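Here's the structure, in structure tokens; my notes come after.
Every read-out reported here was derived from the displayed coordinates using simple, explicitly stated rules and does not represent laboratory data. Since the model is a prediction, treat every value here as computed from it, not as a measurement. So basically every Cβ, Gly included, is an ideal-geometry build from the backbone, and we count neighbours across all protein chains shown.
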């Protein structure tokens, strides 16, 4: 067995004309603190309009990370979508592809 990173996933902002993401692939589980830094990094990739549109979705994603950390983290597979109200495609997604994430 090699030194493959067993904990990986991504946080995405998607929509009809948007697809931005930040991902992790590492040996140790992602902490909730680092996940929130990644959310901030993702927000920085969006223009003002896309960011404002997803304000509530980002808040829900951050709350999901906080709640998961209080329960010992989240184990893969996780695919959680936070839709923007009154839209069909605009959203923020959290995926834990392998391993564990959002530890305190």
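Within the range 6-25, how many residues are farther than 16 Å from residue 39 by Cβ and under 12 Å from the mean Cα position of the chain (by Cα)?
Count: 1.
Can you say whether residue 61 is under 14 Å from the mean Cα position of the chain (by Cα) and in a helix (DSSP H, G or I), as far as the supplied structure shows? Explain how you work it out, then say what you get.
Numbers: under 14 Å from the mean Cα position of the chain (by Cα): yes; in a helix (DSSP H, G or I): yes.
Yes: the conditions hold for residue 61.
Report yes if residue 51 is without any contact (Cβ under 8 Å) to a residue 60 or more places away in the chain, under 21 Å from residue 15 (Cβ atoms), surrounded by 11 or more Cβ atoms within 10 Å (Cβ to Cβ) and in contact with a strand residue (DSSP E or B) (Cβ under 8 Å, 6 or more places away or on another chain), otherwise no.
Values: without any contact (Cβ under 8 Å) to a residue 60 or more places away in the chain: yes; under 21 Å from residue 15 (Cβ atoms): yes; surrounded by 11 or more Cβ atoms within 10 Å (Cβ to Cβ): yes; in contact with a strand residue (DSSP E or B) (Cβ under 8 Å, 6 or more places away or on another chain): no.
The answer is no for residue 51.
Here is a list: 85, 80, 37. Which entry is touching a strand residue (DSSP E or B) at 6+ places or on another chain (Cβ under 8 Å), free of Cβ contacts under 8 Å to residues at least 40 places away in the same chain and either part of a strand (DSSP E or B) or surrounded by fewer than 16 Cβ atoms within 10 Å (Cβ to Cβ) (or both)? Step through it out loud before you land on a result.
Details: 85 fails: touching a strand residue (DSSP E or B) at 6+ places or on another chain (Cβ under 8 Å); 37 fails: touching a strand residue (DSSP E or B) at 6+ places or on another chain (Cβ under 8 Å).
Just a single option satisfies the conditions, and that option is 80.
Does residue 50 fit the bill of being more than 14 Å from the chain's Cα centre (by Cα), assigned to a helix (DSSP H, G or I) and at negative phi? Explain how you work it out, then say what you get.
Numbers: more than 14 Å from the chain's Cα centre (by Cα): yes; assigned to a helix (DSSP H, G or I): yes; at negative phi: yes.
Yes; evaluated as a whole, the condition is true for this residue.
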